[in-house]
Amino acid sequence: MAKIKNVSPFGDLDVPSLGIIVKLGESVDVSDEAAASLLEQPIHWAAGDSAPVAQPTPAAPDAPVAPAN
């Protein structure tokens, strides 16, 4: 068993393959295989004992956008 933590910027996550909903910031025990698969999505999952990963903020556009007429 492995522990994974929901660090998703989208909040709570439904994991249909496991039949669970994992709340933001919550850690859950899953099989090693499920953990390996979910940890391939680092924007959503981290190892259960990890601190939340800060998400980068989008860069501002280079030029201002003209208002629509």
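No lab work stands behind these numbers, since they all come straight from the coordinates. In this text, all values refer to a predicted model and were calculated from it rather than measured experimentally. Because the Cβ atoms are built from the backbone with ideal geometry, glycine has one as well, and the counts that use them run over all protein chains shown.
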Cα pair distances exceeding 16 angstrom across the stretch 2-47, given as percent
23 percent
Search the structure for amide H atoms under 5 Å from the amide H of Glu26, placed 1.01 Å from N in the peptide plane, and list their residues when 5 or more places away or on another chain.
Asn6
Quick calc: nm separation of the 7 Å Cα→Cβ label points for Leu39 and Leu24 -> 2.4 nm
List every residue whose amide H lies under 5 Å from the amide H of Ile21, counting only residues 5 or more places away in sequence or on a different chain, with H placed 1.01 Å from N in the peptide plane.
Val15
Residue by residue through the stretch 19-31, the couplings from Karplus 6.51 cos²θ - 1.76 cosθ + 1.60 with θ = phi - 60°, in Hz, x for Gly and Pro, are x, 9, 10, 10, 5, 4, x, 7, 10, 9, 8, 9, 5
